[in-house]
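A short write-up of the structure that comes next.
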Amino acid sequence: MKTDFTFDETDRLIVAELRKNGRATNQQIAERLGLTATTVSSRIRRMEDANQLRVVAVSDFAAHGYDVLMQLAIEVDSRPASEVAHELAQFPEVFAVHIVTGRYDIDALVVLHDFEDLSHFMLDRLGSIRGIRKIAPSIAVDIMRYQFDVAPIEARA
């Protein structure tokens, strides 16, 4: 694994094409950028080998019938936050768990099919996790941005 990896303009352009269409073939990307498919393939492999790029599929939770998006701020007591976070991460409704600084110890994002699932999740599922002292749930009323190409690729000086 390379630790001294540096993105150049060609890498940035390849990543931009993958962000537009993650299913594009190396040949399609090469044609758009005026490169060869071999160059695109080797550049992608180099970025992946350096842990600078990961091409994944992201499903839209609403398309799968999840109509409730909820953020949880969780305060932990009498147990390491990492243990609670690990246990929380096992629930299929939980798609992101972060150990955070500040007033709360854990931040999580949860999807539920509908509001009828809310009490079961909050009382039964979360209630089964030892060490949760306080939960501050926030339900999304509107989604302004749902985008996963969040890591900006910028040149470092």
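The values are calculated or read from the model by the stated rules, or taken from the named source; none is laboratory data. The model shown is predicted, which means the values in this text are computed figures rather than measured ones. So basically every Cβ, Gly included, is an ideal-geometry build from the backbone, and we count neighbours across all protein chains shown. Please note that ligands, DNA and RNA were not included when accessible areas were found on the heavy atoms of the full protein model with its side chains. Shrake-Rupley method; radii C 1.70, N 1.55, O 1.52, S 1.80 Å.
Which condition from (1) under 20 Å from the mean Cα position of the chain (by Cα); (2) among the hydroxyl-bearing types (Ser, Thr, Tyr); (3) part of a helix (DSSP H, G or I) is the one that residue 101 breaks?
Failing condition for residue 101: (3).
Take the residues of the range 37-95 that are touching a residue at least 40 places away in the same chain (Cβ under 8 Å) and of a type in the set (Phe, Trp, Tyr): which is nearest to residue 4 (Cα to Cα)?
This residue is 61.
Restricting the range 22-81 to residues that are closer than 24 Å to residue 143 by Cβ, open to solvent by 70 Å² or more (accessible area, probe 1.4 Å) and in contact with a strand residue (DSSP E or B) (Cβ under 9 Å, 6 or more places away or on another chain), which is modelled with the highest pLDDT?
That would be 67.
Could you say which residue among 117, 124 is outside the structural domain of residue 18 (by TED's automatic domain parsing) and either in contact with a His (Cβ under 7 Å, 6 or more places away or on another chain) or open to solvent by less than 70 Å² (accessible area, probe 1.4 Å) (or both)?
Going through 117, 124 in turn, the sole match is 117.
All but one of (1) of a type in the set (D, E, K, R); (2) in contact with a helix residue (DSSP H, G or I) (Cβ under 9 Å, 6 or more places away or on another chain); (3) assigned to a strand (DSSP E or B) hold for residue 130, so report the exception by its number.
Going through the list (1) of a type in the set (D, E, K, R); (2) in contact with a helix residue (DSSP H, G or I) (Cβ under 9 Å, 6 or more places away or on another chain); (3) assigned to a strand (DSSP E or B), residue 130 breaks only (3).
Within the range 82-101, which residues are at pLDDT below 95 and open to solvent by 50 Å² or more (accessible area, probe 1.4 Å)?
Result: 92, 95.
With respect to the numbered conditions (1) within 19 Å of the chain's Cα centre (by Cα); (2) over 21 Å from residue 22 (Cβ atoms), which one is the sole condition not fulfilled by residue 56?
Status for residue 56: all satisfied but (2).
How about the range 1-21: which of its residues are in contact with a helix residue (DSSP H, G or I) (Cβ under 6 Å, 6 or more places away or on another chain) and open to solvent by 50 Å² or more (accessible area, probe 1.4 Å)?
If the condition is that a residue be in contact with a helix residue (DSSP H, G or I) (Cβ under 6 Å, 6 or more places away or on another chain) and open to solvent by 50 Å² or more (accessible area, probe 1.4 Å), then 13 is the only one that fits.
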